[in-house]
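Before any comments, here is the structure.
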Amino acid sequence: MKNVRLLFTGLLAASALAFSPLSQAQMTGQWYAGAGLGQSKAKDVCSFAPGISCDDTDTATKIFGGYKLNQNFAVELAYADLGKASLGIPGASGDYKATTWDILAVGILPINQQFSVLGKIGVANWSVDANYNLTLAGLGSGSLSASGSDITYALGVQYDFSDKVGLRGVWQHYSNVGDDNTTGKSDVEVIGASVLFNF
């Protein structure tokens, strides 16, 4: 949690610097929004109970919006559904589902007029629901939930078809999603593509 507070303070400081009078003179000032689809992998879910059937990958979706302050820096807010991981044995099963709200600083390195490399770092505010069904033991079914925040970071590329439409490919890492004492905890990675629109 200390790392998250330090990172959040750094993001606020970077944003304040970007909005300073000196920086404003160099702003391009462009809003953008987009949506994406990809594949998530809950890297630690299958280690909760080794030797049972487990599927730790699923479809992930994302919507996001941001403001490009200049050609090298943007701030971004995103909502992501990280999908579900499932595990089970005959008579017992469970799943782990996660969503996040992310606030991110985005660094942009233009390679040419259309192609750029991206780096992101920020805070992910996650929510996890874990459902279980223990019919074999006669204990029935139930659910547990947890919420919290931790660091997220990403690397990607962007290709601009025009000044209005672009395509991104991004790998993103979410750290420590979930709670050890209730839902279980896992790092989650997402590889996906997004379409974005500039306004």
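The values are calculated or read from the model by the stated rules, or taken from the named source; none is laboratory data. Because the structure is predicted, anything quoted here is derived from the model rather than measured. Cβ placement follows ideal geometry from the backbone for every residue including glycine, while neighbour counts extend to all protein chains displayed.
Quick notes on this structure:
- Some residue of the range 109-126 being at pLDDT 95 or above, within 30 Å of G184 (Cα to Cα) and among the aromatic types (F, W, Y): yes
- Note on the range 89-120: residues that are loosely packed, with under 15 Cβ neighbours inside 10 Å and under 30 Å from T182 (Cβ atoms) total 4.
- Residues that are surrounded by 15 or more Cβ atoms within 10 Å (Cβ to Cβ), of a type outside the set (S, T, Y) and in contact (Cβ under 8 Å) with a residue 60 or more places away in the chain do not occur anywhere in the range 152-163.
- Residues in the range 153-175 that are under 30 Å from N133 (Cα atoms) and in contact with a Gly (Cβ under 8 Å, 6 or more places away or on another chain): 0 in all.
- Flag if G91 is of a type outside the set (A, V, I, L, M, F, W, C), farther than 24 Å from Y32 by Cα and out of contact with any Gly (no Cβ under 7 Å at 6 or more places or on another chain): yes
- Verdict on V170 being among the β-branched types (V, I, T), out of contact with any helix residue (DSSP H, G or I) (no Cβ under 9 Å at 6 or more places or on another chain) and surrounded by 15 or more Cβ atoms within 10 Å (Cβ to Cβ): yes
- Which listed residue is exposed (fewer than 15 other Cβ atoms within 10 Å of the Cβ), of a type outside the set (D, E, K, R) and on the phi < 0 side of the Ramachandran plot, from S141, S86: S141
- Residue within the range 180-197 that is at pLDDT below 95, closer than 25 Å to S93 by Cα, among the acidic types (D, E) and touching a Lys or Arg at 6+ places or on another chain (Cβ under 8 Å) present: no
- The range 165-199, residues that are closer than 13 Å to Q39 by Cα and among the small types (G, A, S): G169, G192, A193, S194
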